[in-house]
Amino acid sequence: MWSQSSMSKPKTLLEKIWDTHVVVEREQTVVYIDLHLIHEVTSPQAFTGLKEKGLKVRRPDKTFATIDHSLPTLIDSSNSRLSFADSMAVKQIEQLISNCKEFGIELYGLDSPHQGIVHVIGPELGLTQPGYTIVCGDSHTATHGAFGALAFGIGTTEVEQVLATQCLFQKKPKNYAVNLEGKLRRGVSAKDIILALIAKIGIDGATGHVFEYRGYAIKNLSMEERMTICNMSIEAGARAGMVAPDETTFDYLYHRPLAPKGAAWKEAVSRWKRFPTDEGAIFDKEVTIDVSSLEPMITFGTNPAMAIPISARVPDPESIADSGQKSSLQQALSYMDISPGRQLLDHPIDTVFIGSCTNSRLSDLEQAAKVFKGRKVAVKTLVVPGSQSVKKEAEDAGIDLIFKEAGAEWREPGCSMCIAMNGDQVAPGKYSVSTSNRNFEGRQGKGARTFLASPLTAAAAAVTGKITDIRSLEIEIL
Amino acid sequence: MKRFEKFSSKSILLPTDNIDTDQIIPARFLKITDKSDLGKNLFADWRYSSSGELTDFVLNRSENQQRKILITGDNFGCGSSREHAPWALVGYGLRAIVSTSFADIFRNNALKNHLLLITLEPSEYSQILATISSSPETEFTVDLAEQKLSFDRDSKEYSFHFPIDQFSKRCMMEGLDELGMLLSYEKEVANFEARLPVYPL
């Protein structure tokens, strides 16, 4: 089943993974799941379901948990302990700890050097591997697709199903090729590519599809940059986004703690090399972006598709014919209190957040640090590393000192101000520039107004206090 | 799960496009460890201000209480995978959502909670909007067996056929438990696992 004869129909990466994971093909396909990641917010009711039915976790060895969403990022200086937002957060976390203990699941918890945002730690531990099916009760599970895995978010009922059976009923998704050609210009990054794609095809442009990012530009991006792109696939409606595994993938995984070792490594790499899409395979949909034409991107509205190049003007609802789209845009601009037709450049801001499963990895922090070096922040700025491991690497490299000297807050790892469940939030009516993935109304706190952007653009806003084109600042290497 | 029976109800109209799950149930309500009380926080940030209910929001209007059908814009349920969204909709008392399209993860989650998603063609949806705008008290009948949304107007019946995958339909019609079905494939799963490549996990 793992080899492809020369006579068979050319297949996409998605089709190869799908075909190797079908357990039963009846009225609905039963698909096997190789890796199940768990966190505190979407799992409690699933474990309760198991207990009520007297079921066990079928494969605790393929199930891994961490704590990220409701975890505080601030340590109380009076007792050196994390300051939890409220008793509900504490209860939810305690419940995950006891559920993992009861069902024999590895938990990278509060005292673990591997704790972090679920989509940051999976890859860095080497849990995420090419050709896998990966699920998690979180829509940004798409991140893991950067390794050539089929990774998608599921609801809590499905979390329970995977815990109990390691399987899910699934409908085969369609193939959507995203051809990324050309070379990025100075100051433009992976985040700008994905924002440009979402703006181009719309927030539901890929519903029912899985993206495969292809082309010269993606081949030349690092794994961390590929993760940033795959992460936001869901913001265009795609449940998953993937990149064919290549030498960059293998180099990243080699020597990761839970990646295969020795002979198993060689065997795994030769298997992984069979996954890339065959020449001549057919995609249901296709889009091409020449990334050399991109500018830094920023959102102006209340969904990630409402994004424009940083020097462009905010669209005018009066110029839109479709009544639904027109009213959405009107509502968004009213929520954001932004007038149509204006440029966002120089718009004052109140907060900057650098973090989230989209942009909290070492290279994201390094990019931001280049901007902070020798400058001071003009607004409240949170820098939240994606994991304990990222935090340690950054501190070993002295990057934390650059942030601290600039006056930014260097926090403990977690989802933090991306979802604002842990006490880190933007005040009502205030503006933030955020490296996270969603600018929905109230996402960063009730009434908060979010501009999504890259770490470079967010850092530029932090040091100027307003929306700034990173290319207008003198930065050494970009 | 109970079987999904045919029912009739007037509707609540919220015709905004791209309503995301953060609006359906804001993240601060996700700290619960059960499924209770979510209905009262459905659309919390559109429904309440710090001083209480916002009287002009559709869910707060007296005539809309007890209605079981929500008619809403394109791409309903986009965003996060939180199943708290359908839990909140069902907890509030809704049984069917009518739109021109739904986001994928929300669709899965909704159907698993027997919240019926009725996808109409844009022209059909426009007809429904026109009907409600002239007669807001129109009573709709939802018939899953026939995959039909219908209403009477000027003593004539109008009906729209809607698609649904046959597996979800059967699960809802027969009140089937998906987990029970998956567990029944134990042998097939064990066989599959036996021929998996040796994973390093």
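The values are calculated or read from the model by the stated rules, or taken from the named source; none is laboratory data. On a predicted model such as this, the values are computed, not experimentally measured, just so you know. Positions of Cβ are generated from backbone atoms using ideal geometry, with glycine treated the same way; all protein chains shown enter the neighbour counts. These accessible areas exclude ligands, DNA and RNA; they are computed on the full protein's heavy atoms, side chains included. Shrake-Rupley method; radii C 1.70, N 1.55, O 1.52, S 1.80 Å.
Where strands (runs of 3 or more DSSP E) fall wholly inside segment A:307-389, the ranges with 3 or more residues that are at pLDDT 95 or above and within 17 Å of A:Asp400 (Cα to Cα) are A:351-354, A:380-383. In segment A:141-157, of all residues being within 12 Å of chain B (Cβ to nearest Cβ) and among the polar types (S, T, N, Q), the one that is farthest from B:Leu179 (Cα to Cα) corresponds to A:Thr141. Among the residues of segment A:54-81, those that are modelled with pLDDT of 95 or more and either touching a Phe, Trp or Tyr at 6+ places or on another chain (Cβ under 6 Å) or open to solvent by 10 Å² or more (accessible area, probe 1.4 Å) (or both) comprise A:Gly54, A:Leu55, A:Lys56, A:Val57, A:Arg58, A:Arg59, A:Pro60, A:Asp61, A:Phe64, A:Thr66, A:His69.
Residue count for segment B:2-32 satisfying the condition of being within 12 Å of chain A (Cβ to nearest Cβ), assigned to a loop (DSSP other than H, G, I, E, B) and touching a helix residue (DSSP H, G or I) at 6+ places or on another chain (Cβ under 8 Å): 7.
Residues in segment A:426-448 that are open to solvent by 20 Å² or more (accessible area, probe 1.4 Å) and more than 9 Å from chain B (Cβ to nearest Cβ): A:Ala427, A:Pro428, A:Gly429, A:Lys430, A:Tyr431.
Charged (D, E, K, R) and closer than 30 Å to A:Pro317 by Cβ, is that true of A:Arg375? Spelling it out, it is not the case that A:Arg375 is charged (D, E, K, R) and closer than 30 Å to A:Pro317 by Cβ.
Evaluated against (1) on the phi < 0 side of the Ramachandran plot; (2) open to solvent by 30 Å² or more (accessible area, probe 1.4 Å); (3) modelled with pLDDT of 95 or more, B:Gln66 falls short on exactly one condition, (1). Residues that are open to solvent by 10 Å² or more (accessible area, probe 1.4 Å) and over 24 Å from the mean Cα position of the chain (by Cα): does segment A:449-463 have at least one? Among the residues of segment A:449-463, at least one is open to solvent by 10 Å² or more (accessible area, probe 1.4 Å) and over 24 Å from the mean Cα position of the chain (by Cα), which makes the answer yes. In segment B:140-188, of all residues being of a type in the set (Phe, Trp, Tyr) and within 28 Å of B:Gln127 (Cα to Cα), the one that is surrounded by the most Cβ atoms within 10 Å (Cβ to Cβ) corresponds to B:Phe140.
Say we look at segment A:170-182 and pick out the residues that are touching a strand residue (DSSP E or B) at 6+ places or on another chain (Cβ under 6 Å) and within 12 Å of another protein chain (Cβ to nearest Cβ); which of these is farthest from A:Gln45 (Cα to Cα)?
A:Lys174
I'm checking my understanding of the structure. Among residues of segment B:33-43 that are assigned to a loop (DSSP other than H, G, I, E, B) and within 20 Å of B:Leu54 (Cα to Cα), which one is most open to solvent (accessible area, probe 1.4 Å)? Checked segment B:33-43; the qualifying residue most open to solvent (accessible area, probe 1.4 Å) is B:Asp37. Taking residues in segment A:279-301 that are among the hydrophobic types (A, V, I, L, M, F, W, C), and partners anywhere that are at pLDDT below 95, the pairs with Cβ atoms closer than 9 Å and at least 6 places apart or on different chains are A:Ala281/A:Lys9; A:Ile282/A:Lys9. When residues in segment B:83-101 are screened for being open to solvent by less than 10 Å² (accessible area, probe 1.4 Å) and either in a loop (DSSP other than H, G, I, E, B) or among the hydrophobic types (A, V, I, L, M, F, W, C) (or both), 8 of them pass. The test for being in contact (Cβ under 8 Å) with a residue 24 or more places away in the chain, more than 28 Å from A:Glu40 (Cα to Cα) and either facing chain A (nearest Cβ under 7 Å) or not hydroxyl-bearing (Ser, Thr, Tyr) (or both) does not hold for B:Lys35. Considering A:Glu15, A:Glu102, A:Glu25, the condition of being within 25 Å of the chain's Cα centre (by Cα) and open to solvent by 10 Å² or more (accessible area, probe 1.4 Å) is satisfied by A:Glu15 alone. For segment A:28-57, what are the residues that are more than 20 Å from the chain's Cα centre (by Cα), of a type in the set (A, V, I, L, M, F, W, C) and facing chain B (nearest Cβ under 7 Å)? Listed by number, the list holds a single entry, A:Val30. State whether one or more residues within segment A:118-140 are farther than 23 Å from A:Met232 by Cα and either facing chain B (nearest Cβ under 9 Å) or in contact (Cβ under 8 Å) with a residue 12 or more places away in the chain (or both). No, segment A:118-140 contains no residue that is farther than 23 Å from A:Met232 by Cα and either facing chain B (nearest Cβ under 9 Å) or in contact (Cβ under 8 Å) with a residue 12 or more places away in the chain (or both).
Go through segment A:218-244 and count every residue that is outside any loop (DSSP other than H, G, I, E, B), within 27 Å of B:Asp74 (Cβ to Cβ) and open to solvent by less than 10 Å² (accessible area, probe 1.4 Å).
Residues meeting the conditions: 10.
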